[in-house]
1. Tell me yes or no: at least one residue of the stretch 145-154 is open to solvent by 30 Å² or more (accessible area, probe 1.4 Å) and touching a Gly at 6+ places or on another chain (Cβ under 7 Å).
2. Looking only at the stretch 225-257, which residues are more than 22 Å from LEU182 (Cα to Cα) and either open to solvent by less than 50 Å² (accessible area, probe 1.4 Å) or assigned to a helix (DSSP H, G or I) (or both)?
3. Could you run through the stretch 72-108 and say how many residues are under 20 Å from THR3 (Cα atoms), in a helix (DSSP H, G or I) and open to solvent by 10 Å² or more (accessible area, probe 1.4 Å)?
4. Kindly provide the set of residues from the stretch 95-139 that are of a type outside the set (A, V, I, L, M) and without any contact (Cβ under 8 Å) to a residue 12 or more places away in the chain, ordered by number.
5. Residues of the stretch 204-220 being touching a residue at least 24 places away in the same chain (Cβ under 8 Å) and open to solvent by 50 Å² or more (accessible area, probe 1.4 Å), which ones?
6. Suppose the filter is in contact (Cβ under 8 Å) with a residue 60 or more places away in the chain and in contact with an Asp or Glu (Cβ under 8 Å, 6 or more places away or on another chain); does SER176 pass it?
Amino acid sequence: METPKRNYRDTLTIAWRCLLLSCRNPETFLTSILLPALMMLLFVSLFGSLIHVGGTSYTAYIVPGVLIQCVAQGSSTTAIMINQDITSGIMSRFATLPIRRRTLLSGHVLEAYGRSLVTSAVVLLIALLMGFRPALSLPGLGISFLLLSGMILALSWLSATVGILSKSAQGASSLSSLAIILPYLSSGFVPAEHLPPLLRTFARYQPMTPVIDSMRAALAGAPTDAGTLAAALIWCSFLTVVFYPVSVLAMQKRLSR
């Protein structure tokens, strides 16, 4: 039992270190706090009266898309932080300590999870101030939290892989920006059927769309389509299961050079 307890303790220590670094970095504050608030205000102010989304307000429609967009934006910060730890040599120094190397990544992911939850709370607060009124049903809130957590973990492990494989922080930022684009090419900000045919097909089968659609239905208190929800959970699980071992193996290989 001592080894699991020690792993948890080491993970929390690394996460606390990453949190302190984030708090001391003005860019992290900008991307995690100010950017979500500005994004919510910008989309509603510019497009709220131009885009018609059926029987709901545009504010309520884009909340899930903005949440996932901000999670993707935060994953870029995670990729940069991991890359900086590797290129600066601090990760190699940590690896000489009597701790599992995977806890070094788990600490970064845990900090990213907490940071993304704070970002999501900011988005929801701004949305509430702008008139968003979610259905406060326990199943709906549970589904929304589950999907949000799943997407945070999936994108965090993806960003960990990107941060390890990139040769510089700029490269990590550029590669992780691909995840930032995906919410725009989904049903997050406009209905998928309003997109051009090629983009419509892409939006229908990419991972962000089922997650956003399921969260939107859950927050509205509407029945959640079982197939869409299953696709969302499968995508989150698949991305996490794939990129967790890939990131661990990539870090071991890079630290052994």
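1. No - not one qualifying residue is present in the stretch 145-154.
2. Those that are more than 22 Å from LEU182 (Cα to Cα) and either open to solvent by less than 50 Å² (accessible area, probe 1.4 Å) or assigned to a helix (DSSP H, G or I) (or both): ALA226, PRO245, VAL248, LEU249, ALA250, MET251, GLN252, LYS253, ARG254, LEU255.
3. Count: 5.
4. Once the filter is applied, which keeps residues that are of a type outside the set (A, V, I, L, M) and without any contact (Cβ under 8 Å) to a residue 12 or more places away in the chain, the stretch 95-139 yields THR96, PRO98.
5. ASP213, ALA220 - these are the residues of the stretch 204-220 that are touching a residue at least 24 places away in the same chain (Cβ under 8 Å) and open to solvent by 50 Å² or more (accessible area, probe 1.4 Å).
6. No: the conditions fail for SER176.
The values are calculated or read from the model by the stated rules, or taken from the named source; none is laboratory data. Just so we're clear, the structure is a prediction, and the values are computed from it rather than from any experiment. Positions of Cβ are backbone-derived with ideal geometry, glycine not excepted, and every protein chain shown enters the neighbour counts. Please note that ligands, DNA and RNA were not included when accessible areas were found on the heavy atoms of the full protein model with its side chains. Shrake-Rupley method; radii C 1.70, N 1.55, O 1.52, S 1.80 Å.
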